Every structure is written in structure tokens, then in C-alpha cells.
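Worksheet: the structure to be examined is printed underneath.
The values are calculated or read from the model by the stated rules, or taken from the named source; none is laboratory data. Bear in mind the structure is a predicted one, so any value in this text is a computation, not a measurement. Cβ coordinates were reconstructed from backbone atoms using ideal geometry, including for glycine residues, and neighbour counts include every protein chain displayed. In case anyone asks, the SASA skips ligands and DNA or RNA and just uses the protein heavy atoms, side chains included. Shrake-Rupley method; radii C 1.70, N 1.55, O 1.52, S 1.80 Å.
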Amino acid sequence: MTVLAPDRPATRRTLLRLHRPALLAWTAFVLLTAGELLRVHYSAAPRDRACRRPGGWCTYTAFTDTDNVMNFLGEVLCYAPCAVAAWAGAALIGRELESGTASLVWTQAVTPVRWLTAKLVAAALPLLTGASVLALAFGLTWTADQDVLVTNWTWDRVFVPRGPLLPALVLFALAAGALAGLVLRRSLPALAVACAATVVLRLYLRELWQPLRGPLTGFWPLHLAATGMVLVLTGAAVAAAYGVLRRLTA
């Protein structure tokens with residue numbers, strides 16, 4: 001078995017082919033969610049405005065009410081990083097260590113550092129792109145249609161997906177999954193630990209910004225501060241992952 005260095009095009013194609021189902025699932029999720037947000041902005045919100053005018057009248061269901069749809073999408077986006085963490089811990093890293101595939105690769109032309117770097121970069125690019133598109137679409141929709149929504153920016157389902165905090169959490173989930181996979185070297189435990197770590201961070205952020213929402217009247221200072229903290233933790237998780245890798249291969 002010949003393994004090419006991860007910076008060669010053939011190896012990049014191999015990595016994409018290996019994780020093609022996950023990439024397709026993520027792409028479908030991004031397209032469907034962004035499409036639903038566009039429907040809310042161009043169809044549901046204008047309908048609600050017309051219904052609220054004198055003489056207007058509409059019939060709603062749980063699936064057509066603008067508030068319900070935005071709340072649901074906000075909750076889904078809040079917990080999407082957990083799914084990323086589970087995938088990274090189980091499929092991206094943990095499974096290869098558990099099966100011995102990684103050890104075989106390391107004995108060929110690929111060093112452990114290049115192996116991990118290739119996996120993280122190949123996963124980070126589509127994850128970051130998709131999360132950024134979703135954050136932009138959600139932020140624009142929520143901002144433009146506040147007049148027909150009853151949500152507040154301090155709510156989790158609005159605060160998290162409305163800006164760069166969502167892509168930052170997705171990157172943290174990837175790093176946490178990689179670290180859990182390297183430490184535990186088993187798919188299911190790494191899946192559980194990575195997902196739990198991402199949820200704990202989400203809950204911690206909520207407890208952190210709740211006392212600050214009174215003194216702060218702007219959304220962005222608090223949001224950017226939370227984003228910066230998550231990025232620092234992401235960097236620490238990546239550094240720890242490489243540290244664990246060096247000990248594993250020493």
C-alpha cells in the first residue's frame with residue numbers, strides 16, 4: 001500500500017472521497033437551512049406583515065408561523081456544532097486510530113503531523129464556509145424581519161447563529177473532536193466526549209453572557225467577545241491535539 005504525502009493532489013482527493021458522505025450531508029444541511037431562511041425572509045415575513053394590517057387575516061400552523069420557524073432554525077444551528085464534534089471524534093480521527101489505519105499510514109510516506117494537518121484542513125474549509133453562510137443568512141433574516149418576530153438578541157437561538165460565533169463554535173467542535181479522538185483512540189467514547197465538551201462550552205457561554213446583557217446595550221461587543229474566547233479555546237485544543245499526537249508517535 002502506497003500512501004502519498006497529504007500536500008499532494010491525489011491525497012487531497014483521497015481524503016475528500018473518504019469523507020464524501022459527511023461532506024454531502026453537511027452541504028445538504030447548509031443548502032436546506034439557508035433556503036428555509038430565504039423563504040422566511042421573502043415569503044413568510046411579508047405574509048405576516050400583510051396579515052397584521054387592518055383587515056388582514058391569516059391562518060397559521062406550527063410549521064408556517066414565522067416565529068416558530070426561526071426559533072426552530074436557531075435551535076438547530078445552536079446544536080449543529082455538537083454533530084460536527086461527534087463526527088470529528090468518531091469518524092475523522094477516532095475510527096482510524098481504533099482500526100489501526102492511522103498507524104499504517106504513519107509507516108508510509110505520511111508523517112503523523114502531516115496526517116493530522118491534512119485531516120483538519122480538509123474538514124475545516126467546508127465547515128467554516130458552510131457555517132459562515134448560515135450565520136450570514138440567519139443574521140440578515142433576523143435583522144431584516146425583527147418587526148414580525150418576538151425573539152430577543154439575548155436568546156441563545158439568536159445570539160449564537162447571528163454572527164461569527166457560529167463558525168467559531170464549529171471550528172471548536174472540530175478541534176475538540178480531533179483531541180478527543182487522539183486521547184481516547186476509540187470512536188464511540190470520542191464521539192460522546194467531543195459532543196459533551198461542545199455542549200458544555202455552549203452552556204458556559206450562556207451563563208457568561210447573561211449577567212452582562214444588562215450593562216451592554218449592543219449585541220456586537222458581547223458577541224465578538226464570546227467569539228474571541230471560543231477561538232482561543234479552539235487554538236488551545238488544536239495545540240493539545242498536536243501535543244498528544246507527538247506523545248503517541250514518540
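Key figures for this structure:
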read-out: FRET efficiency, A225 to L38 (Cβ-Cβ, R0 25 Å, nearest 0.05); value: 0.25
read-out: Inter-site label distance for A124 and L104 at 7 Å from Cα along Cβ, in nm; value: 2.8
read-out: Karplus 3J(HN,Hα) series, Hz, for region 236-250 with 6.51 cos²θ - 1.76 cosθ + 1.60 (x for Gly, Pro); value: 5, 5, 5, 4, 5, 4, 5, x, 5, 4, 4, 5, 5, 9, 5
read-out: Farthest toward positive dipole pole in the chain [+1 Lys/Arg, -1 Asp/Glu at C-beta], among G89, L140, L203; value: G89
read-out: Heavy-atom accessible area order for L120, L188, largest first, 1.4 Å probe; value: L188, L120
read-out: Acute angle (nearest 10 degrees) that the helix 165-184 long axis makes with the longest principal axis of the chain, alpha-carbon atoms; value: 30
read-out: Sequence-distant residues sharing a close amide H with V160 (under 5 Å, placed H); value: none
read-out: Area accessible to solvent at T27, 1.4 Å probe radius, in Å²; value: 60
read-out: Residue-normalised accessible area of the chain, given per residue in Å² at a 1.4 Å probe; value: 49
read-out: Accessible surface of the chain, 1.4 Å probe, proportion on carbon and sulfur as whole %; value: 68
read-out: J(HN,Hα) series, region 139-145, from Karplus relation 6.51 cos²θ - 1.76 cosθ + 1.60, nearest Hz, glycine and proline x; value: x, 5, 5, 5, 5, 6, 10
read-out: Inter-probe distance in nm under a simple model that places probes 7 Å from Cα toward Cβ, at R49 and D147; value: 0.5
read-out: Unit charges on C-beta of K, R, D, E only; dipole of the chain, Debye; value: 680
read-out: Karplus 3J(HN,Hα) series, Hz, for region 187-192 with 6.51 cos²θ - 1.76 cosθ + 1.60 (x for Gly, Pro); value: 4, 5, x, 5, 4, 5
read-out: Residues of region 143-158 with amide N under 16 Å of the 7 Å Cα→Cβ point at D65; value: 148-152
read-out: Extension gain, Y204 back to T117 (0.36 nm per residue minus Cα-Cα distance, nm); value: 28.4 nm
read-out: Hull volume in cubic angstrom per residue (convex hull over the Cα atoms of region 156-250); value: 83
